[in-house]
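Read the structure below first, then the notes.
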Amino acid sequence: MTDHTQVKMTEMKYGNDRPKAANPVKIEDLSLRDGHQSLFATRGRTEDMIPVAELMDEVGFWAVETWGGATFDTMHRFLNEDPWERIRTLKRYFKKTPFSMLLRGQNLVGYRNYADDVAKAFVERAAENGMDIFRTFDALNDYRNFETVVPEIKKAGKHFQGCICYTLTEPRLGGEVYNIDYYVGKAKDLEAMGADTICVKDMAGLMSPYDAYEIVKALKETVKAPIHLHSHFTSGMSPMTHLKAIEAGVDIIDTCMTPYAYRTSHAAIEPLVMSLLGTSRDTGFDIELLAKINLILEKEVMPKYKHLLDDSKVSIIDINVLLHQTPGGMLSNLVNQLREMDALDRINDVYEELPKVRKDLGQIPLVTPTSQIVGIQTVNNVLFDDENERYKMITGQVKDLCYGLYGKTAVPIDSEVQKKALKGYARGEEPITCRPAEVLEPELDKAKEEIGDLAKDLDDLILYAMYPTTGKRFLKWKYGQEKPPEEVVPRTMDDVKAADELIKKAKAGQLVEKKADEPEKGENLRTFNVFVDKEYFEVGVEEVGDSPIISYIQQAQSQMASMPAPAAASSAPAAPAGPQRASTPAAPKPAPKAAPAPKPAAKAAPAAPAATAADGTPLAAPMPGMIIRYEKKVGDSVKKGDTVVILEAMKMENSLPAPTDGTIKATNFSNGDSVAKNDVLAVIG
Ligand code: CO
């Protein structure tokens, strides 16, 4: 039990010169990874971490999380930063605080299982570049997905922190699957694998304070390794959860500096320091030092990122998490997906279907990527199933899950769903029971052959092996073969000041309207491709310190179908969006005064209808998306239910089945084409 009266409050000092507590709570700071990943789409830049790095090194954190999760992806894709370089740079400022990273087991810092050769090389290089603590998790809590990385972590002499993903099927801890025995069992497994510490990873903020007390107490009684709690703030419970966990004897707690705290991030450190001041679990941290760091972040760093914060909601907690025991991000994805399919009125059906789908798929935890897999299949079921048939449209990722490519589920997958999913599945109709990476061929040699000399060292090669498209593009920027686009250039304080000035003027009514003269095309002219239905237009936009001015608009090509794949992920500065959004890139707002009226070309030339279904049964797109590939070609005969075409929507692949027996009469699109809902993709006669 915490001793509340260790020091007389009158003698209390705020600084770190107060007496050391008997059993101080250790703190890991997540501001430089999970903090900005949660609040501003992982866009934090190394140059904005340096101003606080030396001060943070003085606080006495058990560790600082500086890398992993989505940072590797975002840095090379959106920030034109070499992820490996960040570790080396920050290490020059953090001289004594260990670095921690989030490692997604065999998924490393990507979204699929990589082959063992990539996994080994990745861990070895991360350790060599300066990583100290490897916080390792698997979305299914299937620790066979740790079997390759853990020996590498140990071989490098580094700290292996094993994670248990925390999830619920009931409003509180318990039920048939995720009960206290489950977590105790997982902790024993991790200890047997040599875990130096054990982390309960509550990514959705589901853990309630009294459940935290029970779990921590049970874990402390069962395993020797120190217990670490990672509980997001999303639902609003985490500060209470932290306190009960501390009373139960938790060793390490995760927090953020205030400017990076709350909402979907983590509770802040400063209130915790004050709450524990003078108790036997006092952190010992200097509150004035923390205040100094906050001030720098608040004044010099956050202004550059505030435009990325989601200010669409006033509430800082997401009560839906409490209602549905599902991560907040997953719920907002579901809403977006329904909106894009014009079916927002089905949201309650989705909430009802979700637990059924999750159960059918083996009651898997809901964390990246399993939350998306369950969520999108749920929406498919709600929209496309009827009373005669369930699972009419099964996504490719559900097929992979049913095959065993993600690992073993908490309870077995429903055998009928599994059988249906694996009918005609390319790897085989019989699911595997081995460790998933055992069916993967080595990848590094092949990657080396493909990328050639553009990868100068192993770090470059690993980056390319994990992210072939964006990785290659980054290496071209890095070695001067291509000029990085403007959207990867950092936002400076001068940019922020200029924007703030403008807003101030506008509010004061001091913005003067420009004359309606058409301006000359200047050297700042940038070209945008704007897609409207099946047509696209090249639009010239010039930034002149005011709203962007549309200088010209011209129809570039009559059929978007002949365009290369949409430029979504490569050019849009926002997080990768669904493919249908890719076809309408952030169209600049026309400046109503200065711009010539855009020609009404878009509406005037209706999309050329794809070959219609005059003599046959049409296979129509059930949702907007992008054609991945046709599985059948014109002339092929098909049986009802055979997959004809794979359509990607919301980053998931959907196999579209033939609605009837017959012969393929027409395939109306090409790979990479974006299609609208109800477009006829193929005709069967
Ligand atoms: Co997290």
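List pairs: first in the range 30-46 and at positive phi and in the same structural domain as Ile253 (by TED's automatic domain parsing), second assigned to a loop (DSSP other than H, G, I, E, B) and away from the ligand (no atom under 12 Å from the Cβ), Cβ under 9 Å, 6+ apart or cross-chain? From residues that are at positive phi and in the same structural domain as Ile253 (by TED's automatic domain parsing), the pairs are Ala41/Ala574; Ala41/Ala575; Thr42/Ala575. Evaluated against (1) open to solvent by less than 20 Å² (accessible area, probe 1.4 Å); (2) within 16 Å of the ligand (Cβ to nearest atom); (3) aliphatic (A, V, I, L, M), Met237 falls short on exactly one condition, (1). Please list, ordered by first then second residue, the pairs with beta carbon atoms under 6 Å, 6 or more apart or interchain, first in the range 465-479 and in a helix (DSSP H, G or I), second open to solvent by less than 40 Å² (accessible area, probe 1.4 Å) and among the β-branched types (Val, Ile, Thr). Correct list of pairs: Ala465/Val118.
Listed here are the residues, each with its yes/no results for (1) of a type in the set (A, V, I, L, M); (2) surrounded by fewer than 17 Cβ atoms within 10 Å (Cβ to Cβ); (3) touching a His at 6+ places or on another chain (Cβ under 8 Å).
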| site | (1), (2), (3) |
| --- | --- |
| Ser637 | no, yes, no |
| Val645 | yes, no, no |
| Ser655 | no, no, no |
| Pro659 | no, yes, no |
| Ile664 | yes, no, no |
| Thr667 | no, no, no |
| Lys677 | no, yes, no |
| Ala682 | yes, no, no |
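Across the range 240-261, the qualifying residues are those that are under 28 Å from the mean Cα position of the chain (by Cα) and part of a helix (DSSP H, G or I), and the one among them that is nearest to the ligand (Cβ to nearest atom) is Tyr260. Residues in the range 66-94 that are away from the ligand (no atom under 16 Å from the Cβ), within 21 Å of the chain's Cα centre (by Cα) and at negative phi: Met75, His76, Arg77, Phe78, Leu79, Glu81, Asp82, Pro83, Trp84, Arg86, Ile87. One residue alone among Asp282, Asp310 is acidic (Asp, Glu), under 19 Å from the mean Cα position of the chain (by Cα) and in a loop (DSSP other than H, G, I, E, B), and that residue is Asp310.
Considering each residue of the range 613-647, count those that are of a type outside the set (D, E, K, R) and assigned to a strand (DSSP E or B), and give that number.
Adding up the residues that qualify gives 16.
So, Arg125, is that one open to solvent by 10 Å² or more (accessible area, probe 1.4 Å), away from the ligand (no atom under 16 Å from the Cβ) and under 20 Å from Leu229 (Cα atoms) or not?
no
Here Arg427 meets the list (1) of a type in the set (D, E, K, R); (2) over 30 Å from Asn381 (Cβ atoms); (3) at pLDDT below 95 almost entirely, failing just condition (2).
For the range 262-271, the set of residues classified as away from the ligand (no atom under 14 Å from the Cβ) and either closer than 23 Å to Arg135 by Cα or surrounded by 22 or more Cβ atoms within 10 Å (Cβ to Cβ) (or both) consists of Ala268, Ile269, listed by residue number. Scanning the range 370-402 for residues that are open to solvent by 20 Å² or more (accessible area, probe 1.4 Å), out of contact with any strand residue (DSSP E or B) (no Cβ under 6 Å at 6 or more places or on another chain) and within 22 Å of Arg112 (Cβ to Cβ) turns up Gln372, Lys399, Asp400.
Any residue at all in the range 128-150 that is free of Cβ contacts under 8 Å to residues at least 24 places away in the same chain and not small (Gly, Ala, Ser)? No, the range 128-150 contains no residue that is free of Cβ contacts under 8 Å to residues at least 24 places away in the same chain and not small (Gly, Ala, Ser).
Look at the range 280-291: where a residue is surrounded by fewer than 23 Cβ atoms within 10 Å (Cβ to Cβ) and a partner is aromatic (Phe, Trp, Tyr), sitting 6+ places away or on another chain with Cβ atoms under 8 Å, you get Asp286/Tyr14; Ile287/Tyr14; Glu288/Tyr14.
Rundown of residues vs (1) open to solvent by less than 40 Å² (accessible area, probe 1.4 Å); (2) at pLDDT 95 or above; (3) within 25 Å of Arg86 (Cα to Cα); (4) among the hydroxyl-bearing types (Ser, Thr, Tyr), yes/no style:
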| position | (1), (2), (3), (4) |
| --- | --- |
| His4 | no, no, no, no |
| Met12 | yes, no, no, no |
| Asn23 | no, yes, no, no |
| Ile27 | yes, yes, yes, no |
| Arg33 | yes, yes, yes, no |
| Glu54 | no, yes, yes, no |
| Phe61 | yes, yes, yes, no |
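If you go through the range 26-65 and keep only what is within 16 Å of the ligand (Cβ to nearest atom) and assigned to a loop (DSSP other than H, G, I, E, B), you end up with Leu30, Phe40, Ala41, Thr42, Gly44.
The values are calculated or read from the model by the stated rules, or taken from the named source; none is laboratory data. Everything numeric in this text was worked out from a predicted model, so none of it was measured. Cβ sites come from the backbone with ideal geometry, for glycine too, and all protein chains shown count toward neighbours. Protein only, heavy atoms only, side chains kept; ligands, DNA and RNA dropped before computing areas. Shrake-Rupley method; radii C 1.70, N 1.55, O 1.52, S 1.80 Å.
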